[in-house]
Amino acid sequence: MIFNAAKLPGAYTIEAEPFRDSRGFFTRTFCRNEFSAHGLETNFVQSNHSGNLGKGIIRGMHFQYPPHSEVKLVKCIRGAIFDVIVDVRSGSPTFLQWFGAELTDDNKRMMYIPRGFAHGFQSLSEYSELTYMVSAFYNKESEGGISYLDPSVNIEWPLPIGIVSDKDKAVPFVDDTFMGVKL
């Protein structure tokens with residue numbers, strides 16, 4: 001695996017290095033030794049799978065407050081998504097800055113998302129699926145979010161906005177009272 005530091009400290013895109021032959025390919029999507037060598041989380045407690053119907057749909061921008069904050073390792077296994085993270089770490093020099101990368105079933109790229117980042121994505125294909133591992137169990141009371149349209153973040157979504165859940169539409173814009181996530 002090739003670990004590429006993103007412009008936001010602690011985040012990475014990870015390029016798979018598939019072995020290809022006449023049967024197809026084989027690649028690792030996680031290796032405790034390699035992640036540990038880069039100082040990254042190696043204890044994942046849950047794996048999630050998301051299927052997305054419709055080009056342009058958006059899910060996000062979600063995060064968990066401590067003590068349930070989580071690291072995520074996201075991989076698109078069918079179709080294509082534009083994966084986005086926003087730094088919501090209190091006091092961070094990159095607070096409310098965003099980073100996005102295209103993850104596809106062809107490029108096999110993954111996004112490593114550290115604690116203290118909101119996460120979301122836009123489907124770039126009519127159907128997309130992704131899997132992601134998380135380092136903490138979901139806790140409803142620790143759920144947080146920022147709006148996918150927040151002007152103080154100004155995410156540049158590559159496609160017109162498609163379907164968005166009512167829950168994600170209801171997330172308010174960041175205001176002066178939003179202090180971020182204190183880790």
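Checked against (1) outside any loop (DSSP other than H, G, I, E, B); (2) under 19 Å from Phe30 (Cα atoms), Phe44 passes all but condition (1).
Looking only at the stretch 4-34, residues that are under 18 Å from Leu103 (Cβ atoms), without any contact (Cβ under 8 Å) to a residue 60 or more places away in the chain and within 21 Å of the chain's Cα centre (by Cα) come to 4 in all.
Taking Glu34 as the residue in question, decide whether it is outside any loop (DSSP other than H, G, I, E, B) and surrounded by fewer than 16 Cβ atoms within 10 Å (Cβ to Cβ). Criteria met by Glu34. Within the stretch 113-141, residues that are farther than 16 Å from Glu102 by Cβ and at pLDDT 95 or above sit with their Cβ atoms under 8 Å from residues that are aromatic (Phe, Trp, Tyr) and in a strand (DSSP E or B), at 6+ positions apart or across chains, in these pairs: Gly116/Phe63; Phe117/Phe63; Ala118/Phe63.
Candidates in the stretch 37-60 are the residues that are surrounded by 14 or more Cβ atoms within 10 Å (Cβ to Cβ), under 16 Å from Leu130 (Cα atoms) and modelled with pLDDT of 95 or more; of these, the one that is farthest from the chain's Cα centre (by Cα) is Lys55. Filtering the stretch 14-31 to residues that are surrounded by 10 or more Cβ atoms within 10 Å (Cβ to Cβ) and among the polar types (S, T, N, Q) leaves Thr27, Thr29.
The values are calculated or read from the model by the stated rules, or taken from the named source; none is laboratory data. As the structure is a computational prediction, the values presented were derived from the model and not from experiment. In this analysis, Cβ positions are derived from the backbone assuming ideal geometry, glycine residues included, and neighbour counts consider all displayed protein chains.
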